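The values are calculated or read from the model by the stated rules, or taken from the named source; none is laboratory data. Every value quoted in this text rests on a predicted model; they were computed, and no experiment measured them. Here the Cβ positions follow ideal geometry from the backbone for every residue, glycine too, while neighbour counts run over all protein chains shown.
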Amino acid sequence: MTRQPLHLLTLLIATLLTLGCSIQRPFSNVRSVEVTDRSPQGIRMAITVDLENPNAVPLPLTRTNYRVYLEGAGVFESSELGDATLPAGGSQTVSFSAAFPLTDSIPIDGKRYAVFGEVYYRTPGELREILDQYRFPQPSSSFIARGVIQPPSTEQ
């Protein structure tokens, strides 16, 4: 056999084994999307996501990709490397930020937003190491939230 078909056969076997893997996908839930800073030049938003690991093994978080759409202001897109581990049978909260330049002519209150993202994690074992060698995509847990920008509170 030539080297290329052998690699494809190895990848096919690894894929089939992955389908039978007992690791469950972590649960993702957007806890909050808040405007944390406002100025005439723009706004900064904070996105907080709760992750829950139903597995008996910890799962290192390797990367997060996310997009924030803000009506009238465009799209903020980012990718961040993971620096946390989702504990076995436990939970972890992760936070991201998005910034949008604005002008005084764009009122922000009442504008719709949407947040879409994926948190990628690494499963344990030699099988994952083989899949990584062939650049097989890591599994991920997706999150999504939609809402409307609220005016700042006027508590005194």
> Quick check: is even one residue across region 67-75 modelled with pLDDT of 95 or more, within 30 Å of L127 (Cβ to Cβ) and either loosely packed, with under 12 Cβ neighbours inside 10 Å or charged (D, E, K, R) (or both)?
Replying inline: no
> Do you know which of the residues in region 107-126 that are modelled with pLDDT under 90 and exposed (fewer than 15 other Cβ atoms within 10 Å of the Cβ) is farthest from T62 (Cα to Cα)?
Replying inline: P107
>> Just the residues that are over 16 Å from L81 (Cβ atoms) and within 10 Å of the chain's Cα centre (by Cα), please, taken from region 118-151.
In response: S141, S142, F143, I144
> Looking at L81, L70, L102, which one is closer than 25 Å to P54 by Cα and out of contact with any Leu (no Cβ under 8 Å at 6 or more places or on another chain)?
Replying inline: L81
>> Condition check: buried (at least 18 other Cβ atoms within 10 Å of the Cβ), outside any strand (DSSP E or B) and either in contact with a helix residue (DSSP H, G or I) (Cβ under 8 Å, 6 or more places away or on another chain) or hydrophobic (A, V, I, L, M, F, W, C) (or both). Does I47 satisfy that?
In response: no
> What residue, of G89, G82, is farther than 17 Å from R44 by Cβ, without any contact (Cβ under 8 Å) to a residue 40 or more places away in the chain and part of a strand (DSSP E or B)?
Replying inline: G82
> touching a residue at least 60 places away in the same chain (Cβ under 8 Å) and closer than 17 Å to E34 by Cβ - does that describe any residue in region 118-130?
Replying inline: no
> Got at least one residue in region 82-94 being within 20 Å of R38 (Cα to Cα) and modelled with pLDDT of 95 or more?
Replying inline: no
> What number of residues within region 50-65 satisfy the criterion of being touching a Ser or Thr at 6+ places or on another chain (Cβ under 8 Å) and assigned to a strand (DSSP E or B)?
Replying inline: 9
